[in-house]
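The values are calculated or read from the model by the stated rules, or taken from the named source; none is laboratory data. This one's a predicted model, so the numbers in the text were calculated from it and none came from an experiment. So basically every Cβ, Gly included, is an ideal-geometry build from the backbone, and we count neighbours across all protein chains shown. The accessibility values were calculated without ligands, DNA or RNA, using every heavy atom of the protein model including side chains. Shrake-Rupley method; radii C 1.70, N 1.55, O 1.52, S 1.80 Å.
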Amino acid sequence: QQIICLAYGRLVEQSPLKNMEHFYEHSYLSVLYPGLNISGKNLSTSLRELGYQRESMVSFFNEFTPAANDCIIFDGTDIPSQSGKIELCEMSKSKRGTYESLFNTMFIFSVQMQLPIYYRLLNGKIKDVKSFKLCLLESGIEQAVIIVDKGFYSKANIEELESEKLKFIIPLHRNNSLIDYGLIKQNNKQLFDGFFEHEKRFVWFYQLPLDNGQTLFVYMDEELKNREEKDYLNRVNNKIEDYSIEKYYLKQYSFGTIALLTNTDKTGEKVYADYKTRNQIEEMIDCMKNVVEADRTYMQNEQTLEAWMFVNYIALHWYYIILQKIKVKELNAKFSPHDLLLKLKELRRVKINDKWYNAEIIAKTQQILKKLDLKIPIT
């Protein structure tokens, strides 16, 4: 009950710990779960106790284990901490390029379920690659296709994935020596393996089988190519430093391309579509930092920090469940989960003659509830 109240405070109010008691007392949660002590002082103790229960948290994660061949996306993000007492926190260079006291958080996102299904806290100096194996072991995920970002690629990392018999899709930097732009230089689409439509754009591709049984797919998006060329030439024309016509000539064949390395037997179109889901975890991390406002922490010990991140993870989970409901009804173009929460906050329960009743609801909110098939109270 306490976790539910805290997750509510994070998702709906973006509340810090010290204000949780206020939002609890001013919501119907205090009637559903009467007598909870969620004062700031008591929460410090209870969160510390919760933080020791990592095994139970992992058990909760396992309720959402992905199906075989589901694409899972690994990513990490650094979170600044104001505590000098937590060993996880280290002075390190953040993704923003500044040196701060940080800890890292590794996330796993299931494409099939459209949910974050796992997280793990890491030392601020340990980067994603080093923790990859242990995260898989703890999460219990055995059969899935793993999608990571360009920074993950190295010969050693690929060999480790292969040794663990893990399926993967990994993008390469455009200057990687594995990529052969020969077919693009010939400017003859007949030499390509084919094309497909993705999000109303046509993408051409060819594949390069490698000696180790892996396949490298090279994709050409003409619309992206035109935009990138225009942007680069504008910078050359405006004499922006490090941009020159000589460098343009060297880069011209790589504009608009994406190269994806995989050890799956998926088609070129399917590999591309799977990789394009990667932006979902970037959106998830933005959501966590902006909507749930978990972009900085003041927790003073590792167990309290673990529990606080678990509360934020639950709030994030709820956010995505709400998003799924909106998408199923094809209403995501009209409003976001945050917009829906603002509407739902208008709903009231009133006590009359010792009985609780739903208060009146304005017509627009009634229409939204009807479209989403939501019944009040929501349990």
For region 357-372, indicate whether the set of residues that are over 23 Å from Q112 (Cβ atoms), open to solvent by less than 90 Å² (accessible area, probe 1.4 Å) and either of a type in the set (D, E) or part of a strand (DSSP E or B) (or both) is non-empty.
yes
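Please report, ordered by residue number, the strands (runs of 3 or more DSSP E) entirely within region 88-165 with at least 2 residues that are at pLDDT below 80 and within 21 Å of L316 (Cα to Cα). Can you show your working first?
Details: elements: 90-93, 99-110, 115-123, 144-147.
Of the strands (runs of 3 or more DSSP E) lying wholly inside region 88-165, those with at least 2 residues that are at pLDDT below 80 and within 21 Å of L316 (Cα to Cα) span 99-110.
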Filter region 344-356 down to the residues that are among the aliphatic types (A, V, I, L, M) and either open to solvent by 50 Å² or more (accessible area, probe 1.4 Å) or at positive phi (or both) and list them by number.
V350, I352
Leading residue by the ranking (farthest from L216 (Cα to Cα)) among those in region 234-267 that are open to solvent by 80 Å² or more (accessible area, probe 1.4 Å) and assigned to a helix (DSSP H, G or I):
N237
Is it the case, given these coordinates, that F61 is at pLDDT below 95, touching a Ser or Thr at 6+ places or on another chain (Cβ under 7 Å), under 30 Å from G140 (Cβ atoms) and of a type in the set (F, W, Y)?
yes
Just wondering, is there one or more residues in region 171-180 that are more than 30 Å from R54 (Cα to Cα), in contact with a strand residue (DSSP E or B) (Cβ under 7 Å, 6 or more places away or on another chain), without any contact (Cβ under 8 Å) to a residue 60 or more places away in the chain and buried (at least 18 other Cβ atoms within 10 Å of the Cβ)?
no
Selection from region 308-343 of residues open to solvent by 40 Å² or more (accessible area, probe 1.4 Å) and assigned to a helix (DSSP H, G or I) yields W318, I321, Q324, K325, K327, V328, H338, D339, L342, K343
